[in-house]
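The values are calculated or read from the model by the stated rules, or taken from the named source; none is laboratory data. From a predicted model like this one, the values you see are computed outputs, not experimental measurements. Glycine also receives a Cβ, built like all others from the backbone with ideal geometry; neighbour counts cover every protein chain displayed.
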Amino acid sequence: MWTNDTPTLGRARFVKDIFPEAAFRGAEPQNLVSFRGKLSFAANHQDGRRELWKSNGTRAGTVVVVEFPPLSRPAGFFDFLSNLTPVGCQLFFTVGDEAHGNELWVSDGTREGTRLVEDLTPGTEGSAPHTLVAVGKTLFFFRTLGGDPSSPGRTELWTSDGTAEGTVRVRDFGPGTSARSDRVIARGDTLFFFLANPDGTHELWKSDGSGAGTMRLRTFDPAPLGSPPSSLRIAGRLVYFIAEDSTHGNELWRTDGTVAGTELVEDLTPGPASTTLQLLDVARDQLFFTTRDQTGTVMRLFKVKVGGDSRCDPKLVTTLPNPFAGNPEVTSFITAFATTGRELFFSVAFFGPGPAPIDHQLWVTDGTKSGTKLLHRPLSLSDEFTTELFPVGDLLLFPANNEADETDTELWVSDGTVKGTRRLRDINPGLASSFPHAFTRVGDCVFFIAFREGEGDALWVLPVRRSSHASVVGAER
């Protein structure tokens, strides 16, 4: 059962220009997260200052929490303030300072309550913690120790409760191993992740933060295409993912957290030949994914029923139309997706020989052929700005262009119908785009970044009033 949750959206308004010294695109707030009822974000300035900010949605209430001054040495990528990760009443992040290098820090949202957690690599070298993930009430993170030709680097898994004593190494995975942020996911109190080994194999692991509870679930041998496992998705009590092996090729898998329960869902292309898959998300207790043929011109939308112990075969929802089917140089794939629980929104981009899409479409599906429909075209046609889809109740926020002007990317909203898909506000009036992105929900507000002449990429906020019944979306005014 799903209840109707169509909120009323207010008028998007400017909050504050965090980079008044740079009225051009590129300098902008980063790592927007909801923390203790406010927005927290990072600001890394060109002059070397690194700042942690917080905002309540007003100009006066958007303030610096703590500033890290410029370094005496040339600043590098790992010196940026980044990786903001809320865990309960603590906000973890990483930053490089003069005395410690890049290490793990924690804040309660105040200057006095912001401190170094532990100097894991004593001195100025730094540990560069990465892939920070909130797992229940605990922070999990990885640490990669640098190597050289005679001694390859190694990856370690750590946990932290925000204290030096409570920051501990869970496991050392050995020389040549690596973990990436796009191949980890938390389900309840357990972290699932993939490790890459120097011999080309990939391993699926899980961890509850203890040595005994950290175990390998399956090893995937090097396969003909060499595609690494990807696209971990939570669906009920299961974790779905895409992986390749020499027997089945590249196909859809799932795990319940046990060795025996880590299994192939379906060999869509029987034998070692691979299926070109994109794993999307869950709506109406159905996990959606797409397949493409070898030419890249035919895309099909599938669904899998999730929940329970039974093995459910994938069902074809529909074949998505391709307006360039006669052109073999044009390929298509999903660039973004978002679920409201009731419906799944997704964007389909068509690419020719150039780097920018030649068409970019917003679609919605409820899991039926008749309920899978085109809502708007075009979305952004820029090769530098990717369309972001963000659900707010039963509504979807997204940047898009007008059909009459395919270069003006502004803020749009959709209720899942063609009639209810419209521009919400022209933030940067005229033919120039505002490129809204980094949508982040904090209580009754959605914060985002948008560009406006004279301000550059600044912080904006959109008020949201929840309702339990259908309401009219606030049109542009």
| Any residue at all in the range 35-58 that is within 19 Å of Arg115 (Cβ to Cβ) and of a type in the set (Val, Ile, Thr)? | no
| said: Given the criteria at pLDDT 95 or above, within 22 Å of the chain's Cα centre (by Cα) and either among the hydroxyl-bearing types (Ser, Thr, Tyr) or within 30 Å of Trp53 (Cβ to Cβ) (or both), does Val117 qualify? | reply: no
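Every residue, every condition in (1) crowded, with 20+ Cβ neighbours inside 10 Å; (2) part of a loop (DSSP other than H, G, I, E, B); (3) acidic (Asp, Glu); (4) within 22 Å of the chain's Cα centre (by Cα), yes or no:
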site	(1), (2), (3), (4)
Glu112	no, yes, yes, no
Leu132	yes, no, no, yes
Phe140	yes, no, no, yes
Arg143	yes, no, no, yes
Ala164	no, yes, no, no
| message | When the residues of the range 63-88 are narrowed to those that are part of a strand (DSSP E or B) and either surrounded by fewer than 13 Cβ atoms within 10 Å (Cβ to Cβ) or among the hydrophobic types (A, V, I, L, M, F, W, C) (or both), which ends up nearest to the chain's Cα centre (by Cα)? | response | Leu84
| Of the numbered conditions (1) touching a Phe, Trp or Tyr at 6+ places or on another chain (Cβ under 7 Å); (2) without any contact (Cβ under 8 Å) to a residue 24 or more places away in the chain; (3) among the hydrophobic types (A, V, I, L, M, F, W, C), Ile358 satisfies every one except a single condition; which is it? | (2)
| Condition check for Arg183: of a type in the set (Lys, Arg), touching a Pro at 6+ places or on another chain (Cβ under 7 Å), over 18 Å from Ala260 (Cα atoms) and touching a residue at least 12 places away in the same chain (Cβ under 8 Å) | yes
| said: For the range 173-187, give me each residue that is surrounded by fewer than 19 Cβ atoms within 10 Å (Cβ to Cβ) and touching an Asp or Glu at 6+ places or on another chain (Cβ under 9 Å). | reply: Gly176
| request: Just one of (1) touching a strand residue (DSSP E or B) at 6+ places or on another chain (Cβ under 6 Å); (2) among the β-branched types (Val, Ile, Thr); (3) modelled with pLDDT of 95 or more trips up Thr163, so point out which. | output: (1)
| Wholly enclosed strands (runs of 3 or more DSSP E) of the range 230-341 bearing at least 1 residues acidic (Asp, Glu) and surrounded by fewer than 18 Cβ atoms within 10 Å (Cβ to Cβ) | 263-266
| Which one is modelled with the lowest pLDDT, of the residues in the range 1-40 that are in a loop (DSSP other than H, G, I, E, B) and of a type in the set (Gly, Ala, Ser)? | Ala23
| query | Has the range 445-462 got any residue that is within 12 Å of Leu9 (Cβ to Cβ) and touching a Cys at 6+ places or on another chain (Cβ under 9 Å)? | reply | yes
| request: Could you check Val259 against (1) among the hydrophobic types (A, V, I, L, M, F, W, C); (2) free of Cβ contacts under 8 Å to residues at least 40 places away in the same chain; (3) over 25 Å from Gln286 (Cβ atoms) and say which number it fails? | output: (2)
| message | Condition check: hydrophobic (A, V, I, L, M, F, W, C) and surrounded by fewer than 18 Cβ atoms within 10 Å (Cβ to Cβ). Does Val168 satisfy that? | response | yes
